[in-house]
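> Here it is, the structure, as structure tokens.
The values are calculated or read from the model by the stated rules, or taken from the named source; none is laboratory data. Remember, predicted model here, so these are calculated numbers, not experimental data. Because the Cβ atoms are built from the backbone with ideal geometry, glycine has one as well, and the counts that use them run over all protein chains shown. Heavy atoms of the whole protein, side chains included, go into the accessibility calculation; ligands, DNA and RNA do not. Shrake-Rupley method; radii C 1.70, N 1.55, O 1.52, S 1.80 Å.
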Amino acid sequence: MSETSDRSSLPPAAPEPFPAAGNISDEEREELRRHGILLTSLEELYNWGRTNSIWPLQFGLACCAIEMIATATARFDIARFGAEIFRPSPRQADLMIVSGTVTKKMAPQVVRLFNQMPEPKYCIAMGACAISGGPFKQGYNVLKGIDRYIPVDIYIPGCPPRPEALLNGLIQLQEKIKTERLKGPATARHLKPDAPSEYPIPEYDAHDLKPPKNPAVWTQNPLPRDQ
Amino acid sequence: MSSTAELLDHLRARFPDATLELVENPGPAAQHGLRLDHTSARLIATYLREDPAWQLDYCSNVSGVDWIDREETEKVTTTVTAEDGSTAEKVEKVTRTIPGYFEVVYHLYSMARKTSEPVILRLRTANRTDDTVVPSLTPVWRSCEFQEREVYDLYGVSFTDHPDLRRILMWDEFKDHPMRKDYVEPDDYEYEPTPHATVLERAAKHYPPASPAEEGSQS
Ligand code: SF4
């Protein structure tokens, strides 16, 4: 099952109810809706639009990509959630699904693609490989998680995750987008003027990428046995 | 065995100058190979592709094998005559070292003849250190190109006359050839320990106790 990351800038754990227009309660709003009066805020409308038209970047890296492709087929039908338009250009995409093993040879290209995507942009790490290197974690040529270089919003564990899990991850991302604020202390990352939109692209070195991680986006969690 | 042996006889008759050798596969698959020498390899390969009797038009697989130096122990029995005239048998173990080499194995099929058993060609380098060269068969079978690059990348075998001999899986700046049997993983790549004794031991060496400043940032 998917879980939302606590590493990137997220709204507080228990978000306060989303403010629609005015200070009326959700029940009152529902009541009005039933009578054909729609009260909303620009924030809500804006998030509603973005939530339901997430265009993923069309690229796959390994076996997980097969599941992602299956998610786009009629049987699982990612179109139900408005995310069926896989864009072949990063300029037109706002979600990067890192589906598969990121080798060290590929990592700079993945970061470069993410940099080329316009804000607001999101990243889903799909599968054990994209999260941590998966079965290849101990190897010399596989990146131990794409979150070393770019901020990941949703992690979907599995090897590979089933299409349902990917859909669940997408829904979690939609929930996250819905609660994004345009103003105030919990402003969404892409609206903060000092938040970076591009991330340093690592370089190839004799045995590893240089630098091996971007400390601005990744900090090592202590291992459970060390706690 | 028969078909490979037949092929060997046929080639020996046709190419008397070539040094050919039957490399037996003792496993249950019994897919015996044919070892070619460097000078005649391309000639014989072209012949096998063109000749109507073989028409080996499809090279399905090229793989590298690393044969490290190995020791072979043989039991040698000698008869020793003692001073009193009686004889006794003495068994001695003789160990000799067979120097290592790299081997490149080609699996060939014929689409035209719809063969299901591969014909296997093998090429060997002179040693594992400074003379790791074999002739490329890419000019004969185009499908060898990427796979020979892979062998070059992971084993460090150079192919003469390969049109584009570059690394293919690892990046160009990468040092060493990681599939070699004596490859030691360097300690300067990022590495995460798992709770297994040997891994932790290595991790202790890999990550010497952090300086206080670093420790602060990790917790
Ligand atoms: S997590 Fe498993 S299925 Fe997904 S890319 Fe890695 S190995 Fe393949």
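> Among the β-branched types (V, I, T) and either open to solvent by 80 Å² or more (accessible area, probe 1.4 Å) or under 15 Å from the mean Cα position of the chain (by Cα) (or both): does that describe B:T97?
Values: among the β-branched types (V, I, T): yes; either open to solvent by 80 Å² or more (accessible area, probe 1.4 Å) or under 15 Å from the mean Cα position of the chain (by Cα) (or both): yes.
Taking the combined requirement at face value, the residue satisfies it.
> Within the group B:S143, B:S136, B:S158, which residue is touching a Phe, Trp or Tyr at 6+ places or on another chain (Cβ under 7 Å), away from every other protein chain (no Cβ under 14 Å) and closer than 20 Å to B:Y47 by Cα? Walk me through it before giving the result.
On the way: B:S143 fails: touching a Phe, Trp or Tyr at 6+ places or on another chain (Cβ under 7 Å); B:S158 fails: closer than 20 Å to B:Y47 by Cα.
The match here is B:S136.
> Say whether the condition of being more than 17 Å from A:V102 (Cβ to Cβ), at pLDDT below 90 and open to solvent by 60 Å² or more (accessible area, probe 1.4 Å) is met by at least one residue in the stretch A:210-218.
Applying the first criterion (more than 17 Å from A:V102 (Cβ to Cβ)) to the stretch A:210-218 yields A:215-216.
Restricting the remaining residues to those that are at pLDDT below 90 gives A:215-216.
With the extra rule that they be open to solvent by 60 Å² or more (accessible area, probe 1.4 Å), the set shrinks to A:215-216.
The answer is yes, given that some residue of the stretch A:210-218 is more than 17 Å from A:V102 (Cβ to Cβ), at pLDDT below 90 and open to solvent by 60 Å² or more (accessible area, probe 1.4 Å).
> Now, a different point. Filter the stretch B:152-170 for residues that are of a type in the set (A, V, I, L, M, F, W, C), surrounded by 18 or more Cβ atoms within 10 Å (Cβ to Cβ) and closer than 24 Å to A:L61 by Cβ and give the result.
B:L154, B:M170
One line per residue, one yes/no per condition, for (1) buried (at least 23 other Cβ atoms within 10 Å of the Cβ); (2) within 16 Å of the ligand (Cβ to nearest atom):
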residue	(1), (2)
A:Q116	no, no
A:G127	yes, yes
A:A130	yes, yes
A:K137	no, yes
A:V142	no, yes
A:I154	yes, yes
A:P157	no, yes
A:E164	no, yes
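> Could you tell me which residue of the stretch B:10-37 is nearest to B:S136 (Cα to Cα), considering only residues that are open to solvent by 80 Å² or more (accessible area, probe 1.4 Å) and not acidic (D, E)? I'd like the intermediate steps shown before the answer.
First pass over the stretch B:10-37, keeping only residues open to solvent by 80 Å² or more (accessible area, probe 1.4 Å): B:12-14, B:16-17, B:19, B:24, B:26, B:28.
Within this subset, residues satisfying the condition of being not acidic (D, E) are B:12-14, B:16, B:19, B:26, B:28.
Numbers: B:R12: 22, B:A13: 24, B:R14: 22, B:P16: 22, B:T19: 18, B:P26: 27, B:P28: 30 Å.
Out of the qualifying residues, it is B:T19.
> Restricting to the stretch B:186-206, and then to whatever is facing chain A (nearest Cβ under 7 Å) and surrounded by 15 or more Cβ atoms within 10 Å (Cβ to Cβ), can you tell me which residue is modelled with the highest pLDDT?
This residue is B:E192.
> How many of the residues in the stretch A:66-101 are more than 16 Å from the chain's Cα centre (by Cα), within 13 Å of the ligand (Cβ to nearest atom) and among the aliphatic types (A, V, I, L, M)?
Looking only at that region, the number is 3.
> With respect to the numbered conditions (1) away from chain B (no Cβ under 14 Å); (2) under 16 Å from the mean Cα position of the chain (by Cα); (3) in contact (Cβ under 8 Å) with a residue 60 or more places away in the chain; (4) on the phi < 0 side of the Ramachandran plot, which one is the sole condition not fulfilled by A:K192?
Only one criterion in (1) away from chain B (no Cβ under 14 Å); (2) under 16 Å from the mean Cα position of the chain (by Cα); (3) in contact (Cβ under 8 Å) with a residue 60 or more places away in the chain; (4) on the phi < 0 side of the Ramachandran plot is unmet by A:K192, namely (2).
> Restrict the check to the stretch A:166-177 and report whether at least one residue is within 16 Å of the ligand (Cβ to nearest atom) and in contact with a helix residue (DSSP H, G or I) (Cβ under 7 Å, 6 or more places away or on another chain).
yes
> Another question, if that's okay. Considering every residue within the stretch A:134-145, establish whether at least one is closer than 13 Å to A:A62 by Cβ and at pLDDT 90 or above.
For the stretch A:134-145, residues closer than 13 Å to A:A62 by Cβ and at pLDDT 90 or above: absent.
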